[in-house]
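Data block below; observations after.
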Amino acid sequence: MWEDHFASLGIDKEQYFEYYNNKNKAIGIEIDEIKEINPISLDNLRKIDPDFHPPQIYKYVSNIEICRTILEFVQK
């Protein structure tokens with residue numbers, strides 16, 4: 001991975017090889033495009049879960065709920 005992607009990894013060579021020392025493979029995610037999205041309002045979070053109250057609790061949201069919510073804001 002270092003040879004092919006070192007310029008876009010966001011880590012220097014020393015840190016990279018220290019992190020992957022004695023590892024057989026390195027796995028990364030290549031991102032083609034980044035889109036800015038608007039922050040999700042508390043009202044919209046409560047459409048997913050009416051009992052959502054930050055920051056006291058964690059809420060596990062399914063992938064379908066996340067994708068649906070993000071698509072709604074990206075398409076605006």
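Brief remarks on what is shown
- Put simply, the convex hull of the Cα atoms in the chain casts, on average, a shadow of 8.1 nm².
- Sulfur and carbon atoms: percent of accessible area, the chain [1.4 Å]: 52 percent
- Sum of -39500 (n - 2.57) over DSSP H runs of 4+, divided by residues of the chain (222 nm, nearest 500): -10000 deg cm²/dmol
- Modelled spin-label separation between Tyr20 and Asp43, with each label point placed 7 Å from Cα along the Cα-to-Cβ direction: 4.7 nm.
- If you sort Glu30, Glu36 by accessible surface, 1.4 Å probe, largest first, the order is Glu36, Glu30.
- Per-residue SASA entry for Arg46, accessible area with 1.4 Å probe, Å² rounded to 10: 80 Å²
- Count of Lys pairs (Cα-Cα under 23 Å; at least 8 positions apart or interchain) in the chain: 5
- Here Lys25 sits with roughly 150 square angstrom of accessible surface, probe radius 1.4 Å.
- Only protein heavy atoms count here; on that basis, with a 1.4 Å probe, Phe6 has an accessible area of about 110 Å².
The values are calculated or read from the model by the stated rules, or taken from the named source; none is laboratory data. For clarity, every value in this text was computed on a predicted model and none was experimentally measured. All Cβ positions, glycine included, derive from the backbone under ideal geometry; neighbour counts span all protein chains shown. Accessible surface areas use protein heavy atoms only, side chains included; no ligands, DNA or RNA. Shrake-Rupley method; radii C 1.70, N 1.55, O 1.52, S 1.80 Å.
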